[in-house]
Each structure stands twice: as C-alpha cells, then as structure tokens.
Amino acid sequence: MKDNFSKQAEEYAQFRPGYPAGLYEALYAMLPRYQRAWDCGTGNGQVAVMLAGRFREVLATDLSARQIQHAPQRENISYLVQAAEHGVFPRRHFDLVTVGQAIHWFDFGRFYAVVRRVLRPAGVIAVFGYGLLKIEGPAGEAVRHFHQNIVGPYWDSERRYIDEAYRTIPFPFEETPFPCLEMAYRWDLEHLTGYLNTWSAVRHFEQKRGYNPVAFFRKDLEQAWGGKGEQVARFPLIGRLGRLE
C-alpha cells in the first residue's frame, strides 16, 4: 500500500468530507450483532468514530502514523499503525470490516485473505468512497479542469478505480446492492482549496514541478467562484457491500 497522505495529514483531517448517516444505517441493518469492527485504512479516523457509537470495540488501522495522530480518541477505539495486508487478528473476530476511500491502494488478494480469516459468520465487508466533487456552474468546470488537465497526469494509476466507481475492483464476496447516496456540503472557497490540497496528485505535482498547483490555480478558481460566499459541493458515494460466500 502506498502512503500518499502522511505529509498532508492535518489538512486531511480538517478538509476531507464525512460519510452520510444513510451509509451507516445500511451497514447496521445487515448485521446481527455489534461487538467488534475493524476500520482498515482509517486515515483521520472519521469512520472509526462513527462505528464507535454502535460497536463495543473498534480497531482502526492505517499505514500512516501521522494520520492516526490526528484521529479523534474514544475509549472503545484502538488505533494501530499497520498495513492493511498485515492484519494479525484472531479468526472470526470481527462483525464488520470497513474501508473508506482506501481499498484502491490495497493488494486485493492479500487483504481479502485477511478479511476471510477475521470476519465472523454473517459478517459484513463494506468498501466505499466518493468520486470527484460536483459544483454547479463555472466553479465546477474549473475544478474539473484542474482535476483533468493540471494535475491529471500526476494521479497514481490506482485512481482509475475511483473513476470507475469501484465497479472494476475484485470483490469475492456475496454482494448486496450498495445504497444510492451522496454527500452534500456548503463550502466556501477556503475550504475547497484546503480540500484540493489533500489530493495525492497535488503532492506528486509539487514534488515533480517544485511548486503548489493549487496556489498557482487560485486566481482562476477565484474568478470562477464569482465572489460567492458558499456553494454546494456534492460527492457521489461509491462502494461495494458483501458477506463471506
């Protein structure tokens, strides 16, 4: 698994969107019990915190120690710096395994082998994330231009799985239809630029070219924003839900 987010861990915790309540409701409806959950690739811990409101114990793991440093603490959450494929847990230990906006970085075969071992009978695996944000009008066009034409060549190849809405990842489980949901936020320009700075392609661009493309693009984005205070940013939710076959 690549660690593309340690350098911007603080911004990631501040500016990344959260998942809608409807997603968690769909997960909980599939489960017969709420004892233990594993949130793999936890990042800033946003999913782990939500699971902690329902589960007795939550284990949250991530490759990035800096990401975990910015994760919120709860008495029933244990954080562990660990690659997804190296999960050493008891057999049939978890009722639920979640992966938020991270499955595309994993070694699928090795990770799924761990999941098959640690999920309880009737346990659920949920992998989910979100696609490119959508804003109406010129601001949305500017974001698409930035995504495709300015930092487009700097995306890792794994990004294609998000663009394909996770439909093309291997998923060797008994599948349940994923809920049709989106996340919608009212963001000002500062929050939008903060979010853009969390993109892995922005970091790759900066490393290769020696300057920050978001700062370079700021004037064009301000013009497209049109002096508005806040605009609605929408993220399509993508994902797969399944049980052990």
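Data table
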{"item": "Cα-based helix-to-principal-axis angle, 200-209 vs the chain, degrees rounded to 10", "result": "50 degrees"}
{"item": "DSSP loop trypsin sites (Lys or Arg not before Pro) with at most 13 other Cβ within 10 Å: longest gap in the chain", "result": "93-166"}
{"item": "Spacing of the two label points (7 Å from each Cα toward its C-beta) at Ala29 and Glu190, in nm", "result": "3.9 nm"}
{"item": "5 angstrom amide H check on Ala60, placed H, neighbours 5+ away", "result": "Asp39, Ser78, Tyr79, Leu80"}
{"item": "Magnitude of the charge dipole, segment 147-245, Cβ model with Lys/Arg +1 and Asp/Glu -1, debye to 20", "result": "260 debye"}
{"item": "Sparsely packed chymotrypsin sites (Phe, Trp or Tyr not before Pro) within segment 148-245, loop by DSSP, other Cβ within 10 Å at most 10", "result": "Tyr211"}
{"item": "Exposure proxy order (Cβ contacts within 10 Å, fewest to most) of His104, His145", "result": "His145, His104"}
{"item": "Relative contact order of segment 92-245, defined on C-alpha pairs under 8 angstrom at six or more residues apart (%)", "result": "38 percent"}
{"item": "Principal-axis tilt of helix 213-225 within the chain, Cα atoms, nearest 10 degrees", "result": "70 degrees"}
{"item": "Unit charges on C-beta of K, R, D, E only; dipole of segment 9-243, Debye", "result": "640 debye"}
{"item": "Two-site label geometry, Asp156 and Asp107: point separation in nm, points 7 Å out along Cα→Cβ", "result": "1.4 nm"}
{"item": "Karplus-derived 3J(HN,Hα), 6.51/-1.76/1.60, for each residue of segment 131-142, Hz, glycine and proline x", "result": "x, 4, 5, 10, 10, 5, x, x, 5, x, 5, 5"}
{"item": "Segment Arg56-Asn212, extension gain: residue separation times 0.36 nm, minus the distance between their alpha carbons", "result": "51.9 nm"}
{"item": "14 Å beta-carbon shell around Pro90, net charge (K/R +1, D/E -1)", "result": "+4"}
{"item": "Considering only segment 9-243, percent of DSSP beta bridges that pair antiparallel, nearest 5", "result": "45 percent"}
{"item": "Estimated inter-spin distance, Arg243 and Arg144, nm [label 7 Å along Cα→Cβ]", "result": "4.1 nm"}
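Coordinate-derived values only; no laboratory data. Small disclaimer: the values here were computed from a predicted structure and weren't measured. For neighbour counting, all protein chains shown are included, and Cβ atoms are generated from backbone atoms with ideal geometry for every residue, glycine included.
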